[in-house]
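A quick write-up on the structure given underneath.
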Amino acid sequence: MTGHYRSPERLLADLGIADPADIDLDAIAFDCGALVVRDTLRGCEARLLGAGSQAFITVNAAANPRRQRFSIGHELGHWMHDRGAASFRCTKRDFIRNWDQVSPEQRANRYAADLLLPKSMFLPRVRQQPMTLTTASDLADLFVTSLTSTAIHLIEYGSFPAMVVLVGPNGIRWRKRGPDVPPQIWLRERTTSDSVAFDLLRGGTAPGPTDVSAGAWIEGADRFVICEDSRRVTEEDVLTILWWKDEAQLLALGESSEDT
Amino acid sequence: MTKDSGTRLDRILDAIEQSITTATNQELRDDIQAEGGDPAGVEHNVRSVLGGVLRDHRQEKLRAAQAGYRDAVARFQERSTRIPSGPAAQRALLARVVASGSQMTAQFRDLDHLSSEDIASALQQLDALGLLPDNDGEDE
């Protein structure tokens, strides 16, 4: 790592930031030599242009504030990790130079998440909290982040085993398991009609956290109950947190999955 | 304030500080109660004041960065730029700067589909960063 690099934790510590309300991304970026400019961007959501130790981060002024914050964090990630490299992504041809094997986009996203939802501030606030979208939503309001990224952080750092799932009309788009959910647990490609998500995709209203048959989400798990909290997040997509309130039940489920 | 009155005030403050720092917790509580005060409330207020002072001290660099950011944005907005006025000339200039292999850091999502406005704002920033060739300020 070169001399200019500062981790998200280092940046926050350098500026004495210990409270979510003080995570001022414009000031943080400025401290790193990057000037944040809000402008009408049409070709992209954000842009980074730099020379030497100075840069501009331009974010789309039309985007919602949470999206703008993530974009600034993402570009700051590039500014820290990819200084001196240029990427021009075109429809006909990609101009790429000076990239290593690690995906720069993934790395920049991780940097943004660690800056916007720092572990030192996030962990104390999720301890013993219910693994629900209400918890994620409250935290998203506090940290001014998106519901989806906050829900992912919640299942990563929360006290109880849970998964985050995005469900579309054609089935599960992606899933993210918390560290306490065994890898033997495999979700169905499509949820059954016993799930809340199934109902929401057909115009139903969100009832909040609801105990449903685990079989609605996992093949052969009908005898177990799981807490499902689903909410429509776009016209087509439903975001779900699945929470195993009873860890013994989850262990049994893992064992039965192993047997099959 | 005269020098004499300043010295007297320093002595009074030193005496108060010594009185507080040498008193036991119980003596302090007794004093507060004797004055009709609530020790818990006083403790809360003192902690709050000290916490605020500590936070202000820790965040001096943050306040400086916030002020610096505001000034820098104002300076950038007031800055006169020297980029070509026509969209075609601007697009050509951006392509040349990109092709020149300048030592720049850049993240563009979709270079071919940038709008004219996106290109103009990118050139203004490249100009501020000193990455435009010297003779490209004129209209072509």
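Observations on the structure shown:
- For chain B, the Rg and Dmax computed from alpha carbons only, in angstrom: 30.6, 85
- Shape class of the protein assembly as shown from the Cα gyration tensor (axes a ≥ b ≥ c, square roots of the eigenvalues): oblate, since a/c reaches 1.5 or more and a/b does not exceed b/c.
- Residue-averaged [θ]222 nm for the protein assembly as shown, counting only DSSP H segments that reach four residues, each worth -39500 (n - 2.57): -14500 deg cm²/dmol
- Charge dipole (debye, nearest 20) of the protein assembly as shown; +1 at Cβ of Lys and Arg, -1 at Cβ of Asp and Glu: 960 debye
- Overall form of the stretch B:1-62 per C-alpha gyration tensor (a/c, 1.5; a/b vs b/c): oblate
- Computed extension length for residue B:25-residue B:50: 7.2 nm, one decimal, from 0.36 nm per residue of separation with the Cα-Cα distance subtracted.
- A cut-off under 12 angstrom between Cβ atoms defines the neighbours of residue B:42, and their net charge, with Lys, Arg +1 and Asp, Glu -1, is -2.
- DSSP-defined antiparallel bridges as percent of all bridges, the protein assembly as shown, nearest 5: 80 percent
- Springs between Cα atoms under 10 Å define the GNM used for chain A, and in it the highest mean-square fluctuation of A:147, A:41, A:133 occurs at A:41.
- When a 1.4 Å probe is rolled over the protein heavy atoms, the share of accessible surface on chain B that falls to carbon and sulfur comes to 51 percent.
- About its Cα centre, the stretch A:119-259 has a charge dipole of approximately 420 debye under the convention of +1 per Lys or Arg Cβ and -1 per Asp or Glu Cβ, with nothing else charged.
- One equal scatterer on each Cα of the stretch A:8-116, no solvent, Debye formula: the resulting log10 I(q)/I(0) at q = 0.22 Å⁻¹ is -1.32.
- Between the residues A:178, A:193, A:145, the greatest Cα displacement towards the positive end of the dipole of the stretch A:119-259, with unit charges on the Cβ of Lys, Arg, Asp and Glu, is found for A:145.
- Accessible surface ranking for B:53, B:97, B:73, 1.4 angstrom probe, highest first: B:53, B:73, B:97.
- Taken along the Cα-to-beta-carbon direction at a fixed 7 Å, the label points for residue A:188 and residue B:116 span 5.5 nm.
- Gyration tensor verdict on the stretch A:1-63 (Cα atoms; rounded if a/c is under 1.5, prolate if a/b is larger than b/c, oblate otherwise): oblate
- For the stretch B:58-76, a reduction of at least 40 Å² in accessible area between the chain on its own and the assembled protein chains (probe 1.4 Å) is found at B:59, B:61, B:62, B:65, B:69, B:76.
- Solvent-accessible surface ranking, highest first, for B:118, A:26 at 1.4 angstrom: A:26, B:118
- Summed buried accessible area for B+A [probe radius 1.4 Å, Å², rounded to 100]: 3900 Å²
- Residue B:44 accessible area, 1.4 Å probe, all protein chains in place, Å² to nearest 10: 120 Å²
- Accessible solvent surface per residue of the protein assembly as shown, calculated while the other protein chains remain in place, 1.4 angstrom probe, Å²: 52 Å²
- Kyte-Doolittle mean at least 0.0, axial Cα span of 15 Å or more - DSSP H helices of chain B: B:87-99
- Of all accessible heavy-atom area on chain A, the percent that carbon and sulfur account for (1.4 Å): 48 percent
The values are calculated or read from the model by the stated rules, or taken from the named source; none is laboratory data. The model shown is predicted, which means the values in this text are computed figures rather than measured ones. Heads up, the Cβs are rebuilt from the backbone with ideal geometry, glycines too, and the neighbour counts pull from every protein chain shown. Calculation scope for accessible area: heavy atoms of the full protein, side chains included, ligands and nucleic acids excluded. Shrake-Rupley method; radii C 1.70, N 1.55, O 1.52, S 1.80 Å.
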